[in-house]
Amino acid sequence: MRSTNSIICSRAMCKHFFLIFLAFIVMLSACSKKADLATPIDPQVIVTKTLIEKAKFPIGAAVTVAHLKEADFANAFKNNYNQLTAEYEMKMNQIWTSPSGYSFGNADYLVNFALQNNMKVHGHTLLWYQSTPDWLKTASYDSLNFENNVKTYIQTVVSRYKGKIVSWDVANEIFADNGSLRIDATVYKTFKDPVGFYGRCFQYAKTSDPSLKLFYNDYDIVNNSAKRNSIRKMADRFKREGYPIDGIGEQCHTTVWSNKASITSSLTELATLGLLIHISELDIRVNQNKSDSYVFTSSEIQKQSDMYSAVVSAFETIPQAQKFAITTWGVTDKYTWLTGWWHPKEYPLLLDNLYVKKVAYDGFLLGLK
Ligand code: XIL
């Protein structure tokens, strides 16, 4: 009896222990479920910190050597961008200092900086009427001589950076605001068929580095339909005649008072050319009346952010394969060409004077898919 009792007793104890064990396991699994809940599982919930982490295309900025030598500037650029454009130092008058003199120091510095920091380089710009060297303007070459010299220039510059630069603006701003060719350009004065000359320049660049993506770059393409039509005609001609154009750069020096809807419709229209699209010099100015007493108030700050969202989401509506990059024309409001060209009170970029991300930065992020 005793022994039977003790067996019964030990069976009861076993059952008891088993139940305690079971409760322990249930508690454990509940705890681990709690831990799971604390870890975000929905990718939508993960907060993206930088543009380059979120964008599915390169995010570039225009920079200068002097600014890159400032540690704050260089860090801000490296943290927020993955493509470099030279703001000034790869233009013709900066490199081609005399008929046989080339000055590559600054351009080399920029290209090396980008490569050392795993960034791509977009070359800007082989031809631009505003950066034609003075000696070339006054050289009074006939068209044959002019073209031979420019051909050598293009071959020299493009070959130097072969494999290091992914893309070049071959020609910049050849059309005036009414859509006709710019008559003040040396090329216009030298050639009967300036567009044919530009087409051959695309060819010279492509032959020097066949892997390059070659762009025509201009401002106000989205707002100015006359200019857009001229660009379309030129691109169609290039395609028909076999000149290697890969993309169109819309500079997009825009404003908070621009029309948001027309950016989407005209970018969509431009994309029907089937070429790559580069928003190549984006900045958004705020001081509409160039007023000395302008204050960048919180409502202005928000308007600018909304415009950044609008531009970026317009870009996101074009087919993925045609999205080349978005490049801002500078990194910080501390250094922007607009304080000279527009008004000293301008705040057009994504980082403020102290390199702090502005509301505009969030607007840009919001526009990204
Ligand atoms: C501007 C630079 O920002 C200035 O620093 C320079 O003095 C002049 O050129 N469109 C272009 C750019 O294609 O090359 C221009 O850059 C701005 C307008």
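Couple of notes before you dig in:
- Residue within the range 28-46 that is at pLDDT 50 or above, in contact with a helix residue (DSSP H, G or I) (Cβ under 8 Å, 6 or more places away or on another chain) and surrounded by fewer than 17 Cβ atoms within 10 Å (Cβ to Cβ) present: no
- The lone exception for Val121 - which of (1) closer than 26 Å to Glu241 by Cα; (2) surrounded by 14 or more Cβ atoms within 10 Å (Cβ to Cβ); (3) in contact (Cβ under 8 Å) with a residue 12 or more places away in the chain it fails: (1)
- Filtered residues of the range 189-205 (kept if in contact with a strand residue (DSSP E or B) (Cβ under 6 Å, 6 or more places away or on another chain) and more than 16 Å from the ligand (Cβ to nearest atom)): Pro194, Cys201, Phe202, Ala205
- In summary, strands (runs of 3 or more DSSP E) completely within the range 50-109 and bearing 2 or more residues that are within 29 Å of Val312 (Cα to Cα) and without any contact (Cβ under 8 Å) to a residue 40 or more places away in the chain occur at 83-86.
- Selected residue [of a type in the set (Gly, Ala, Ser), without any contact (Cβ under 8 Å) to a residue 40 or more places away in the chain and under 30 Å from Met119 (Cα atoms)] from Ala310, Ala325, Ala271, Ala321: Ala321
- Residue within the range 283-303 that is in contact (Cβ under 8 Å) with a residue 60 or more places away in the chain and among the acidic types (Asp, Glu) present: yes
- Every residue from the range 347-356 that is closer than 15 Å to Phe296 by Cβ and surrounded by fewer than 22 Cβ atoms within 10 Å (Cβ to Cβ): Asp352, Asn353, Leu354, Val356
- Helices (runs of 4 or more DSSP H) enclosed by the range 167-279 - at least 2 residues per element that are crowded, with 19+ Cβ neighbours inside 10 Å and not β-branched (Val, Ile, Thr): 194-208, 225-241, 260-271
The values are calculated or read from the model by the stated rules, or taken from the named source; none is laboratory data. Being a predicted model, the structure only gives us computed values, none of them experimental. Neighbour counts run over all protein chains shown; Cβ positions are idealised from the backbone, glycine included.
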